[in-house]
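This report concerns only the one structure given below.
The values are calculated or read from the model by the stated rules, or taken from the named source; none is laboratory data. Model, not experiment: these values are computed from the prediction. Note that each Cβ is placed from the backbone with ideal geometry, even for glycine, and that neighbours are counted across all protein chains shown.
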């Protein structure tokens with residue numbers, strides 16, 4: 001199959017798994033909105049108004065990272081419960097096209113939440129066109145990173161029951177515990193480097209830079225205080241995650 | 001030319017109870033254009049073989065080639081030429097049968113026009129027209145299975161792996177699927193089908209193999225398998241005889257409230273005369289493939305148990 005046919009296949013998977021899935025199960029949208037909007041509500045009620053943009057940026061990143069959970073659940077479900085991954089992989093479709101199609105279809109589920117949070121962000125803080133573009137780039141990177149991690153994890157499960165606890169642990173470690181919804185400054189200076197064990201911290205700090213929010217320094221690792229260092233870190237981690245997913249994803253059972 | 005050639009194919013799983021050989025040095029050839037059946041009990045190794053031959057599972061040792069291409073090292077080339085119905089696969093819950101077939105064809109690279117026309121044809125042939133626009137979540141298990149099989153048969157792939165494709169279907173639906181499978185073979189596909197319905201194997205396949213405990217016990221036609229058990233006739237008695245009385249004549253098993261014995265033609269007269277003397281109804285007929293299968297596999301199990309007991 002030519003690369004054009006592969007691209008068309010990716011878009012078809014996105015269409016029937018993403019758009020048609022969303023159109024026929026719109027309740028998924030409510031579930032996707034619920035967590036980030038709840039966090040934003042608590043920040044709005046409990047925190048000073050100056051913290052609100054952090055909550056909105058957190059909502060954007062949370063939505064992107066949620067594609068990882070969706071990817072993990074969906075891919076594992078289609079492989080273990082429906083055995084449809086086997087049907088699609090045993091065909092001229094390249095495995096990478098299957099993954100991209102699945103990842104894009106997860107993005108479809110996230111787009112309404114992203115639109116909402118980006119709109120709120122424009123309302124609560126001034127964002128230049130360049131910053132907005134930077135933010136879109138961040139969204140793409142966060143999506144690629146979380147989707148590749150989600151797919152990689154999905155391939156290691158033997159039953160669907162194992163997925164729920166692992167998904168909860170991984171996702172919470174990526175999106176709730178690190179400074180995604182709150183500023184890095186809230187973490188004691190000597191321990192800020194620990195937050196960077198979660199790739200999402202790179203994304204949240206870059207997002208803060210992009211929209212002009214105050215960004216705390218990391219005294220023990222100065223590299224992590226500069227936007228260039230953060231870009232290198234996030235791009236490097238994304239490439240690493242995609243590479244690991246492609247290398248170790250179990251297309252064939254051992 | 002052989003469409004599939006397996007040589008000394010083995011698969012060993014490391015389980016909690018030690019190493020289990022799902023396939024043990026299996027040799028198998030399937031000719032191009034053949035409709036080949038794979039019979040065996042649950043856990044005999046049929047699905048393991050299909051998974052390895054379709055590139056979904058890595059063998060422990062041995063080789064398998066599809067159209068001369070090594071599945072282990074050149075799986076991408078193999079995938080270009082195959083389609084598979086996995087055992088107990090299920091369709092997307094939110095898509096209709098028509099969408100399943102059409103989208104699958106488009107993903108495989110078919111043009112929009114071909115996909116549409118083929119979808120129309122296969123949906124009709126599989127008896128799915130009344131349900132073509134109903135999401136799979138509202139369909140019965142049998143109709144969902146038919147949808148999955150329709151997707152794969154519509155592909156027109158050179159080699160079709162069908163792992164229990166008619167599971168859960170009613171007899172009418174099964175026959176519709178058989179027709180579509182036969183059509184696929186006439187159109188040039190080679191088919192490897194596993195089934196527990198022995199009438200299906202007998203009606204459908206050109207050749208079959210019986211697998212038990214990871215070994216191929218038999219390969220040949222259904223007719224030859226029946227003659228291999230050296231019992232040509234089955235007699236069913238509605239009571240009146242004990243198992244001990246009938247055992248000297250052949251294999252005996254309980255069935256429909258009576259006893260059935262599989263025996264040779266030369267013993268039929270003796271047995272029917274005895275039945276008439278006792279005023280017992282007797283039904284005479286040819287040995288079925290199911291009986292031949294049970295005899296063949298049963299003997300293998302007995303031999304294994306005897307070997308196990310001896311060691």
>> Suppose we filter region B:104-131 for residues that are surrounded by fewer than 17 Cβ atoms within 10 Å (Cβ to Cβ) and either within 12 Å of another protein chain (Cβ to nearest Cβ) or more than 29 Å from residue A:94 (Cβ to Cβ) (or both); how many remain?
In response: 5
> So which of B:166, B:205 is within 18 Å of the chain's Cα centre (by Cα), under 19 Å from residue B:5 (Cα atoms) and buried (at least 16 other Cβ atoms within 10 Å of the Cβ)?
Replying inline: B:205
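For (1) touching a strand residue (DSSP E or B) at 6+ places or on another chain (Cβ under 9 Å); (2) crowded, with 21+ Cβ neighbours inside 10 Å; (3) part of a helix (DSSP H, G or I); (4) within 9 Å of chain B (Cβ to nearest Cβ), each residue gets a yes or a no:
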{"position": "A:7", "(1), (2), (3), (4)": "no, no, yes, no"}
{"position": "A:13", "(1), (2), (3), (4)": "no, yes, yes, yes"}
{"position": "A:28", "(1), (2), (3), (4)": "no, no, yes, no"}
{"position": "A:31", "(1), (2), (3), (4)": "no, no, yes, no"}
{"position": "A:37", "(1), (2), (3), (4)": "no, no, yes, no"}
{"position": "A:41", "(1), (2), (3), (4)": "no, no, yes, no"}
{"position": "A:52", "(1), (2), (3), (4)": "no, no, yes, no"}
{"position": "A:55", "(1), (2), (3), (4)": "no, yes, yes, no"}
{"position": "A:59", "(1), (2), (3), (4)": "no, yes, yes, no"}
>> Checking the conditions here, which among B:53, B:115, B:44, B:83 is modelled with pLDDT of 95 or more and out of contact with any helix residue (DSSP H, G or I) (no Cβ under 6 Å at 6 or more places or on another chain)?
In response: B:53
> Restricted to region A:15-26, and to residues that are in a helix (DSSP H, G or I) and more than 7 Å from chain B (Cβ to nearest Cβ), which residue is farthest from residue A:85 (Cα to Cα)?
Replying inline: A:23
>> I'd like the full set of residues that are surrounded by 11 or more Cβ atoms within 10 Å (Cβ to Cβ), outside any helix (DSSP H, G or I) and under 37 Å from the mean Cα position of the chain (by Cα), limited to region B:250-279.
In response: B:250, B:251, B:252, B:253, B:255, B:258, B:259, B:260, B:261, B:262, B:263, B:264
> How many residues does region B:9-41 contain that are more than 14 Å from chain A (Cβ to nearest Cβ), at pLDDT below 95, over 19 Å from residue B:212 (Cβ atoms) and part of a strand (DSSP E or B)?
Replying inline: 1
> Wholly within region A:72-177, which helices (runs of 4 or more DSSP H) include no fewer than the required count, namely at least 1 residues that are buried (at least 19 other Cβ atoms within 10 Å of the Cβ), away from chain B (no Cβ under 14 Å) and modelled with pLDDT under 95?
Replying inline: A:95-124, A:129-154, A:163-175
> Tell me, which residue of region A:214-236 that is assigned to a helix (DSSP H, G or I) and buried (at least 19 other Cβ atoms within 10 Å of the Cβ) is nearest to the other protein chains (Cβ to nearest Cβ)?
Replying inline: A:234
> How many residues does region A:185-197 contain that are crowded, with 21+ Cβ neighbours inside 10 Å and under 17 Å from residue A:65 (Cβ atoms)?
Replying inline: 2
> How many residues does region B:92-103 contain that are touching a residue at least 24 places away in the same chain (Cβ under 8 Å) and either buried (at least 23 other Cβ atoms within 10 Å of the Cβ) or assigned to a loop (DSSP other than H, G, I, E, B) (or both)?
Replying inline: 8
>> Looking only at residues that are surrounded by fewer than 22 Cβ atoms within 10 Å (Cβ to Cβ) and either closer than 21 Å to residue B:164 by Cβ or facing chain A (nearest Cβ under 7 Å) (or both) in region B:76-91, which one is nearest to the chain's Cα centre (by Cα)?
In response: B:87
> Any residue at all in region B:178-189 that is crowded, with 24+ Cβ neighbours inside 10 Å, within 16 Å of the chain's Cα centre (by Cα) and assigned by TED's automatic domain parsing to the domain that holds residue B:110?
Replying inline: no
